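Right, one structure below, let's go through it.
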Amino acid sequence: MTASNIRPLVAGNWKMNGLKASMVEALVIRDGVDDPALDGVDAMICPPATLIMALSEVVSGSKVVVGGQDCHVAQLGANTGDISSEILADAGATAVIVGHSERRGDHGETDALVRAKAVAAYRAGLTAIICIGETAGQRAAGLTLDVVNRQLLGSVPDEATAQNTIVAYEPVWAIGTGLTPTADDVEAVHAALRQSLIARFGDEGRAMRLLYGGSVKAANAAELMSIANVNGALVGGASLKANDFLGILAAYRA
Ligand code: 13P
């Protein structure tokens, strides 16, 4: 498989947003994604943990799959407030985001912990969506490629395959700000990540999905999604409204 025939994925990260009423958005997404013109793209919603079970039932039988936003490394135990990959899988999730910059920032998560969480995801049969990305300061200091390569190396487990792992490049300064890197900058980072993945995992690295995330909207999706080695998007704010999210998926209309 070459990079060009990787099946794209648009994943919505609802973060700490989503009430029972949000199920209506999921229904519209489910029905919208059913459009044969969108046969070439996959869709995922990562709602708050409280909605995973209901949402999984709502999208069951459709192309939309459901993911969690974080998991603990352990399978079960005295870990108040945490959630394990097994619990997520039991609720209907097939994937889990690990190492989002909001987890790294708000909870001090290190590459080593993110890697352990990815291994925990594999243990439960979940696909790990491993997030990496530089801060504004690191970018200004010219450290972007160093930072993302170090995070990639440290956060992606040796057991990673194209099937169990998705890497999401999310520049921290682009998240929720309306700012995005230039197409050339995204292309350079994704090319470097692809090279590192191939060096480490061979054909599996060649076939691994590389998502871009950070202020992806319907208005910029077509440009961002057409960049070499961008195999889809991880979307925050614009995934909360079905029509905005479907507008991003439309970048892949046949
Ligand atoms: P925004 O799309 O709101 O910038 O968030 C991106 C993100 O963090 C997805 O995980």
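The values are calculated or read from the model by the stated rules, or taken from the named source; none is laboratory data. Please read all numbers here as calculations on a predicted model, not as lab measurements. As a convention, Cβ positions derive from the backbone with ideal geometry for all residues, glycine included, and neighbour counts pool all protein chains shown. The area values use the complete protein model at the heavy-atom level, side chains included, leaving out ligands, DNA and RNA. Shrake-Rupley method; radii C 1.70, N 1.55, O 1.52, S 1.80 Å.
Some values worked out for this structure:
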read-out	value
Accessible surface of Lys217 - all protein chains present, 1.4 Å probe, nearest 10 Å²	90 Å²
Three-way shape label, the stretch 182-223, alpha-carbon gyration tensor, a/c 1.5	prolate
Heavy-atom accessible area ranking, 1.4 Å probe, most first, across Glu102, Glu57, Glu159	Glu57, Glu159, Glu102
Sites Ala74 and Thr182, calculated FRET efficiency, Cβ-Cβ separation with R0 41 Å, nearest 0.05	0.50
Net charge contributed by nearby residues that have their C-beta within less than 10 Å of Val156 (K/R +1, D/E -1)	-1
Prolate/oblate/rounded call for the stretch 1-89, Cα gyration tensor, a/c under 1.5 rounded	oblate
Cα gyration tensor shape of the stretch 118-254, rounded if a/c is under 1.5, else prolate or oblate by comparing a/b with b/c	oblate
Separation in nanometres of the label points that stand 7 Å from Cα toward Cβ, at Leu153 and Ala228	2.4 nm
For the chain, size of Cβ-based charge dipole, Lys and Arg +1, Asp and Glu -1, in debye	60 debye
Inter-probe distance in nm under a simple model that places probes 7 Å from Cα toward Cβ, at Glu57 and Asp203	4.2 nm
Computed accessible area, Leu145, all protein chains, 1.4 angstrom probe, square angstrom	80 Å²
Span from the the stretch 125-158 Cα centroid across to the the stretch 178-219 one, whole angstrom	11 Å
Contact order relative to length of the chain, as percent, for alpha carbon pairs under 8 angstrom and 6 or more apart	23 percent
In sequence order, calculated HN-Hα J values of the stretch 187-197 (Karplus, 6.51, -1.76, 1.60; Hz; x Gly/Pro)	4, 5, 5, 5, 5, 5, 5, 4, 4, 5, 5
